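To start, the structure itself, in C-alpha cells.
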C-alpha cells in the first residue's frame, strides 16, 4: 500500500531539539540547552482559538431538513396545484371560428351582450406537472404554444374574463394597462394544435373599439416569445384570462369535467466525502502541554474540517457522474443558478429595487412560504444592516415611527446568528455566509421546506459521518500507525425551483 499519509509531530520534525533555544544538529541529550529546559517563558494556561461560523447552510439542513435515503440514487415527486393555473392568453380572435394567426382590433359594437365571439387561447406552462416559468431563469423557458402547454381546463359552461385596453395603444407600457374586462360564457371548445378556440357568448361587452391586453401591436404571444423575464404582477397578470366561475340553466344536468396532472418528478444522488487522519501510537501515548491528548485535538479538528468540506460541496457542487462512476451531489448555488429565480445585485441597488425583487420571488401564486432563509455575503449583510438600521439609529422617537424595511430583532438559531428584517413581504431571516464572499453570488434565498439533506441509511448501516478505524504497519520498520477515515455518503435534494432564488453580480435581468 502506498504511503499516502505524512506522519508528523505537533511541534516539528524534532520537538525535543526544536524546543531548545537556538539548538541545532543531532538530537543527543548533550546538545540540549539547560536554560531552555528550566525556563517557563511565562506561558499562560490558556490558548486562544479562532471560532468561525464555518458551515451555516450545512448546519441548517443537517438539523432541520434531514431526510435519509436508502439508495445512493434517489427520486422525488413534486406536486403543483392547478387551481391557480387556469389562465391563458388571447393569441388571436375573430367574429367567426376562422381566427387565423392575426390579432385584429375588436371593432366597436362587435362585443355586445348576447353576441357570439371566438378567441384562440394559449398558455405558458406545461399541464404535465403544472411546470411554469421561473422569473429571470432562461433555463427551461416555456413560451406560449410550446409542446405540452395546451390549456386543458376550458369547459363548456364556464365564464371567462378577458381584459381589454384602448385600441391602437402602441406604447409598450400600455400593453399591460387594462381599461376594463369582457365576460363570455364558453359555448364550445375546439382544439387547434397546442391552442384551443373558445366560442363565447358575450355576457358583458364593450361599445368601444378595443385590443386585448398584451396582444396586438407587440405580437407578444407569438410562439417562441420568452416570458420568463416579465413580472407576473406588473405585466403578465393583466394579460391573463381566467376562468371566473360557471353558469348553467336549471335542470341542465351534469357538466363536463377535466383531469389535471399535478405531479412532476426529479432525481438526486449521494456523494462520498472522506477526511483522513494518521498518527503513530508513540505520539498518541505522549502527553503534551496545552492539550494533553494530541489525537483528541486532531480528531476534533478533522471533524470540523469534514463539515467545512461538506458545506463547500453542498453550496458549489454540481450533480454529475464521471467516467469512473464517481457521483457528485447537487449544490444549492448550482441549482439556483440553473433553475431558481434570478435577480441582479449591485451596490447601487436601492431599497425600492430590492423590494421589487422580493415581490417577484415571494409571489403567493407559487411561493407563499415564510420558511426562506437568506444566506448573504459580507457586502449584502452590511448593506441590509445599514439600510434596516437607519430608522432605529437615526429617526427613532419613542418607537412611534417605523420603516417598511427595518431590523426587528436578532436571534440564535442552531447556534447561528440570524438577523430578522421586516419587509412588506414578511420577515427576512438573514444569515451571513462567508463562503459566498469572492463569488458572483451575493444572496441565496433557500426555502427550507423544499430542501433536504439525504444521508445514506439502510439495512442497519448509517453512512452519515461513519468512521473507519484501522491500524497499518509501515513496511521494514515495525512501527505501527493508526488510520481513521471519517466517511460520509449523503446528497442534497432541492424541490420546487420557483421557491429558491439567487442574486448575482454577474447578470442583470
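For segment 120-212, which fully contained strands (runs of 3 or more DSSP E) count at least 1 residues that are in contact with a strand residue (DSSP E or B) (Cβ under 9 Å, 6 or more places away or on another chain) and at pLDDT 90 or above? Talk me through it step by step, then tell me what you get.
Numbers: elements: 158-166, 180-192, 195-204, 210-212.
Answer list for segment 120-212: 158-166, 180-192, 195-204.
Which condition does residue 103 not pass, out of (1) under 37 Å from the mean Cα position of the chain (by Cα); (2) at pLDDT below 90; (3) in a loop (DSSP other than H, G, I, E, B), if it passes all the others?
In the conditions (1) under 37 Å from the mean Cα position of the chain (by Cα); (2) at pLDDT below 90; (3) in a loop (DSSP other than H, G, I, E, B), residue 103 misses (1) alone.
Starting from residues that are in a strand (DSSP E or B) and either free of Cβ contacts under 8 Å to residues at least 24 places away in the same chain or more than 45 Å from the chain's Cα centre (by Cα) (or both), keep the ones in segment 276-294 and report whichever is surrounded by the fewest Cβ atoms within 10 Å (Cβ to Cβ). If you could, list the steps in order and put the result at the bottom.
So in segment 276-294, the residues in a strand (DSSP E or B) come out as 276-280, 287, 293.
In the following step, the residues that additionally are either free of Cβ contacts under 8 Å to residues at least 24 places away in the same chain or more than 45 Å from the chain's Cα centre (by Cα) (or both) were identified as 280, 287, 293.
Working: 280: 16, 287: 8, 293: 13.
Per the stated criteria, the residue is 287.
What pairs can you find where one residue is in segment 363-376 and on the phi > 0 side of the Ramachandran plot and buried (at least 18 other Cβ atoms within 10 Å of the Cβ), the other is modelled with pLDDT of 85 or more and not in a loop (DSSP other than H, G, I, E, B), and their Cβ atoms are less than 8 Å apart, with a gap of 6+ or different chains?
Matching pairs, first to second residue: none at all.
Need pairs with beta-carbon distance below 8 Å; first residue in the same structural domain as residue 372 (by TED's automatic domain parsing) and within segment 56-69, second surrounded by fewer than 18 Cβ atoms within 10 Å (Cβ to Cβ) and part of a loop (DSSP other than H, G, I, E, B); sequence gap 6+ or separate chains.
Here the result reads 59/414; 59/415; 60/414; 63/414; 64/414; 68/464, each pair linking segment 56-69 to a residue that is surrounded by fewer than 18 Cβ atoms within 10 Å (Cβ to Cβ) and part of a loop (DSSP other than H, G, I, E, B).
Determine which single condition residue 255 fails, assuming it passes every other condition in (1) within 25 Å of residue 195 (Cα to Cα); (2) surrounded by 12 or more Cβ atoms within 10 Å (Cβ to Cβ); (3) out of contact with any helix residue (DSSP H, G or I) (no Cβ under 8 Å at 6 or more places or on another chain).
Of everything listed in (1) within 25 Å of residue 195 (Cα to Cα); (2) surrounded by 12 or more Cβ atoms within 10 Å (Cβ to Cβ); (3) out of contact with any helix residue (DSSP H, G or I) (no Cβ under 8 Å at 6 or more places or on another chain), residue 255 misses just condition (2).
List the number of the failed condition for residue 233; all other conditions in (1) free of Cβ contacts under 8 Å to residues at least 40 places away in the same chain; (2) in a helix (DSSP H, G or I); (3) closer than 30 Å to residue 146 by Cα hold.
(1)
Confirm whether residue 238 is under 30 Å from residue 182 (Cα atoms) and surrounded by 15 or more Cβ atoms within 10 Å (Cβ to Cβ).
Working: under 30 Å from residue 182 (Cα atoms): yes; surrounded by 15 or more Cβ atoms within 10 Å (Cβ to Cβ): yes.
The answer is yes for residue 238.
For residue 315, state whether it is farther than 30 Å from residue 487 by Cβ, part of a helix (DSSP H, G or I) and assigned by TED's automatic domain parsing to the domain that holds residue 490. Talk me through it step by step, then tell me what you get.
Details: farther than 30 Å from residue 487 by Cβ: no; part of a helix (DSSP H, G or I): yes; assigned by TED's automatic domain parsing to the domain that holds residue 490: yes.
Spelling it out, it is not the case that residue 315 is farther than 30 Å from residue 487 by Cβ, part of a helix (DSSP H, G or I) and assigned by TED's automatic domain parsing to the domain that holds residue 490.
Given the conditions (1) in contact (Cβ under 8 Å) with a residue 40 or more places away in the chain; (2) in contact with a strand residue (DSSP E or B) (Cβ under 8 Å, 6 or more places away or on another chain); (3) assigned to a helix (DSSP H, G or I); (4) farther than 24 Å from residue 69 by Cα, report the number of the one that residue 306 does not fulfil.
(4)
Taking the condition in contact (Cβ under 8 Å) with a residue 24 or more places away in the chain, more than 36 Å from the chain's Cα centre (by Cα), farther than 25 Å from residue 359 by Cβ and surrounded by 15 or more Cβ atoms within 10 Å (Cβ to Cβ), does residue 113 pass?
No.
Would you be able to tell me the number of residues in segment 390-422 that are closer than 23 Å to residue 348 by Cα, over 20 Å from the mean Cα position of the chain (by Cα) and modelled with pLDDT of 60 or more?
Qualifying residue count, segment 390-422: 5.
Considering only segment 336-372, state which residues are in contact with a helix residue (DSSP H, G or I) (Cβ under 6 Å, 6 or more places away or on another chain) and in a strand (DSSP E or B).
Those that are in contact with a helix residue (DSSP H, G or I) (Cβ under 6 Å, 6 or more places away or on another chain) and in a strand (DSSP E or B): 341, 343.
The values are calculated or read from the model by the stated rules, or taken from the named source; none is laboratory data. Please read these numbers as outputs of a predicted model, since none were measured by experiment. Cβ coordinates were reconstructed from backbone atoms using ideal geometry, including for glycine residues, and neighbour counts include every protein chain displayed.
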